[in-house]
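Scroll down for the structure; my scribbles are underneath it.
The values are calculated or read from the model by the stated rules, or taken from the named source; none is laboratory data. Fair warning: this is a prediction, and the values are worked out from it, not measured in the lab. We place every Cβ from the backbone using ideal geometry, glycine too, and count neighbours over all the protein chains shown. Surface areas here come from the heavy atoms of the whole protein model, side chains and all, with no ligands, DNA or RNA. Shrake-Rupley method; radii C 1.70, N 1.55, O 1.52, S 1.80 Å.
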Amino acid sequence: MPRIHSLPIAMSIPAAKKKILFFAEPATLAHVARPTVLAGTLDPELYDVSVATGNDYKSIVTDAGLVTHGLWSIGSKAYLKAVDTGKVVFSYSMLKRYVQDDLRLIRAIKPDVVVGDFRLSLTISARLLKVPYIGISNAYWSPYAHADYEIPVHPATQLFGFATANYIFRLFRPFILAYHSLPMYGLCKKYGMPSLGSNLKRVFTEADITVFADVPEMVPVKDCGNPDRYAYIGPVIWSPEAKIPAELAAMPGNLPLVYIAMGSSGDPKLLNTLVKAAASLNCRIAVATSGGALDQSIFGHIVARNFLPGSKIAAMAKLVICNGGSPGTHQALLQGIPVLGIPANMDQLLNMDFVVKTGSGLKIRADQITSDFARAAIARILDEPEFSVNAQKVAGWFRNYLPEKKFPATLNKIIHLSSQAVYPA
């Protein structure tokens, strides 16, 4: 069975600086944060790095001191609205406009390599201009990852109930995913590119080399053909630059700390349910509200801020509660802290399935959350030591895949291959 191999770090790099242009599609915070973090792993003596992104989350890039370029995008609000209603996110006309904006930037900057996070149009634009292209994704989106699907949170789950809606979804899943692949099918045909078929996973992970912000022990892929086509680089962690609130340290140290952060794509209305459940268990609670409002009637040992230094707070916690996406779960698991995921969309559901399989966390669907369910899950994770033991095991896997080593090695590899005009099939 083919495995995805680690890539050698030691490769010759030409003396002249290589221009690397990152495309950070501002669909969610993660798609801007990951390119920003990876851009920071590159030696400025060897690489001339810049990041193209839209207005949403642009401050993440500028705060990192990176050169930025304006990028036309539908924006996070439109993206999340489409995801919530199950609509096609990137229409054919939208992707066609994306390609034109990509071409404008690539022609102006003349990069040696482009790196894209969820900028699907680069499949076309980078290849039209014959620029090597590295895609950033998660391994559970690989066509070779054997994942279970369930219906995302959708009006149908409220109308018919989860069991019935999920049964219908699984019956029609191939057709639903094919429908979401149609815009890219049309775009490939327009520009004379090889078809990606009706496989949405291919659409999401197509590149010359795709890097997975995961580890193979947690999200394995099988029968992947050419292993050089993909590379695991480990979790890409971003955390806001913020101070730990002084009042958090002043709380009773004998009480377990629960860190709640639903992120940019989590439902802020769930915050009060989760905070109330944790408060009823006499926990210390740190909440990153991301602009959401807490019910002032909830009493307890609670510290709330719009943003908190997630990695530092996670390291102090006994449990992290998040939206179930890979940024939040990875941040906790890297510290060996178990998670309770509240997933709503397909990406979060896929990620949480693999987290739950490791025994390092639990999930409650966002459309099934209640105070009682949340309280029971929080109590179980805090009371059963197996969750912490398994989270520590996952942390060990993560520490063997460091993006600051793995990503530069992959970039080095594609530069080496481009000098020979050879790419993995």
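I'd like the full set of residues that are open to solvent by 100 Å² or more (accessible area, probe 1.4 Å) and either closer than 20 Å to Asn345 by Cα or part of a helix (DSSP H, G or I) (or both), limited to the range 165-197. Write out each step before concluding.
Looking only at the range 165-197, we keep the residues that are open to solvent by 100 Å² or more (accessible area, probe 1.4 Å), and these are 167, 170, 172, 175, 179, 185, 189-190, 194.
Result: Tyr167, Arg170, Phe172, Phe175, Tyr179, Tyr185, Lys189, Lys190.
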Output for the range 370-423, where each listed residue is open to solvent by less than 50 Å² (accessible area, probe 1.4 Å) and not in a helix (DSSP H, G or I):
Tyr401
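Inside the range 290-344, can you point out the residues that are β-branched (Val, Ile, Thr) and under 18 Å from the mean Cα position of the chain (by Cα)? Give the steps one after another, and end with the answer.
The initial filter retains those residues of the range 290-344 that are β-branched (Val, Ile, Thr), namely 298, 302-303, 313, 320-321, 329, 337, 339, 342.
Scanning the range 290-344 gives Val320, Ile321, Thr329, Val339, Ile342.
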Looking at Asp112, Asp148, Asp117, which one is charged (D, E, K, R) and farther than 25 Å from Glu217 by Cα?
Asp112
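Taking the range 317-331 as the search range and keeping residues that are assigned to a helix (DSSP H, G or I) and in contact (Cβ under 8 Å) with a residue 60 or more places away in the chain, which one is surrounded by the fewest Cβ atoms within 10 Å (Cβ to Cβ)?
Result: Gln331.
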If the requirement is being in a strand (DSSP E or B) and not β-branched (Val, Ile, Thr), which of these qualifies: Leu362, Leu308, Leu350?
Leu362
Hey, among the residues in the range 137-161 that are open to solvent by less than 60 Å² (accessible area, probe 1.4 Å) and more than 22 Å from the chain's Cα centre (by Cα), which one's farthest from Asn345 (Cα to Cα)?
Gly161
State which residue is most open to solvent (accessible area, probe 1.4 Å) when the search covers only the range 37-54 and only residues that are within 20 Å of Asn412 (Cβ to Cβ) and not in a loop (DSSP other than H, G, I, E, B).
Asp48
Residues located in the range 347-369, provided they are buried (at least 21 other Cβ atoms within 10 Å of the Cβ) and under 10 Å from Val153 (Cβ atoms)
Gln348, Leu349, Arg365, Ala366
How many residues of the range 273-312 are closer than 27 Å to Ala78 by Cβ and surrounded by fewer than 17 Cβ atoms within 10 Å (Cβ to Cβ)? The answer is 4
Taking strands (runs of 3 or more DSSP E) that do not extend beyond the range 60-139, which have at least 1 residues that are hydroxyl-bearing (Ser, Thr, Tyr), within 16 Å of Pro35 (Cα to Cα) and touching a helix residue (DSSP H, G or I) at 6+ places or on another chain (Cβ under 6 Å)?
67-70, 133-137
